[in-house]
Amino acid sequence: MFWNKKSYDVITIGDTVTDAFIRLQEAHVNCKINSTECEICMKFGDKIPFEFVEVCSAVGNSANAAVATSRLGLKTAIITNLGADQNGEDALKEFKKNDVATDYIQLHKGIKTNYHYVLWFGDERTILIKHEKYPYQFPAIEEPKWIYLSSLGDGTLEYHGQIQKYLEAHPKVKLVFQPGTFQIKFGTEALKTIYKRSEIFFCNVEEARRILQSEEINIKILASKIAELGPKIVVLTDGPKGAYAYQNGDLWFMPPYPDPKPPYERTGAGDAFASTFTSAIILGKSIEEALLWAPINSMSVVGEIGAQKGLLTEEKIIEWLKIAPVDYKPKKI
């Protein structure tokens, strides 16, 4: 099914990549004492065996959000750049297969589609990334109800300026902002309009500290400081510990949905959470209801390889909710 361009519920904006998952056999992990900072280690100058490689097309934060929102029943398009190569063609096919409209995808001759290598060991991964230098240009689009902005590469500050001008000219469009690494590095002043216009904002707890240049450990203070930049709803994820949502001085904590089996691979769990929470809000759900939905999609995604195989429909999320433990619910703190 493909949607009329004038009827999009959400248009996502961000870089699209191809991920090659390399399942390692021989490695070990070293972690610093009293720190979450760890390193994956392999023999230097040696031949390292691996189990298999699986390639996933049309992924990346915004691509994952596009597929998730589409699978949850929203009319979705994506603004992204691809190379005019085989990986770009594969990505186009994947978007179309998932009912994500491709009207605003720009193909570039002589530039490759972004390709990342995912070193996967245990249930975690380290990603080798390279963002190609595309001639970013914001296209002429029909006004959607929502825009979902996420990860873009270095050197895109001018492009973000184009996005900010569009938002200023279209005040009815609601914005979701899930910043990537380079968007955090740009700083809050450079992206002032984007922060100010955000209806919903997502990042993890450590990213919130980097954005605010703070060592604050109190989650409510962190969330309130992000809210002071403009976002109406601030959602901070904390990995397997759970997540927090903040609005107008109220803070909710949401535990993770219990895994029915050990996580297989964690790529895309955060994207699944953010895009599912967003979809629930767009569909008219409350913050508490959105918090119930989001961890279920994260739980499902980590049971598969890559960020999209485990993404669920609304019907499947409701099925999981019906069998949820009695203590699976948001708690105001």
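A count restricted to segment 301-320 and to residues that are modelled with pLDDT of 95 or more and closer than 20 Å to PRO240 by Cβ stands at 4.
This table checks each residue for (1) within 30 Å of ILE281 (Cβ to Cβ); (2) open to solvent by 20 Å² or more (accessible area, probe 1.4 Å); (3) small (Gly, Ala, Ser); (4) without any contact (Cβ under 8 Å) to a residue 40 or more places away in the chain.
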residue: ASP15; (1), (2), (3), (4): yes, no, no, no
residue: ARG23; (1), (2), (3), (4): no, yes, no, no
residue: CYS41; (1), (2), (3), (4): no, yes, no, yes
residue: PRO49; (1), (2), (3), (4): no, yes, no, yes
residue: PHE52; (1), (2), (3), (4): no, yes, no, yes
residue: VAL55; (1), (2), (3), (4): no, yes, no, yes
residue: ARG71; (1), (2), (3), (4): yes, yes, no, no
residue: GLN86; (1), (2), (3), (4): no, yes, no, yes
residue: GLU89; (1), (2), (3), (4): no, yes, no, yes
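From the list ALA272, ALA243, ALA223, the one residue that fits, being open to solvent by less than 10 Å² (accessible area, probe 1.4 Å), among the hydrophobic types (A, V, I, L, M, F, W, C) and out of contact with any strand residue (DSSP E or B) (no Cβ under 8 Å at 6 or more places or on another chain), is ALA272. Checked against (1) in contact with a helix residue (DSSP H, G or I) (Cβ under 9 Å, 6 or more places away or on another chain); (2) modelled with pLDDT of 90 or more, ALA84 passes all but a single condition, namely (1). Screening VAL301 with (1) open to solvent by 20 Å² or more (accessible area, probe 1.4 Å); (2) within 30 Å of LEU24 (Cα to Cα) gives one miss only, at (1).
The values are calculated or read from the model by the stated rules, or taken from the named source; none is laboratory data. Nothing here was measured: the structure is a model prediction, and the numbers come from that model. FYI the Cβ positions are ideal-geometry reconstructions off the backbone, even for glycines, and counts take in every protein chain you see. Surface accessibility is based on the protein's heavy atoms, side chains included, excluding ligands, DNA and RNA. Shrake-Rupley method; radii C 1.70, N 1.55, O 1.52, S 1.80 Å.
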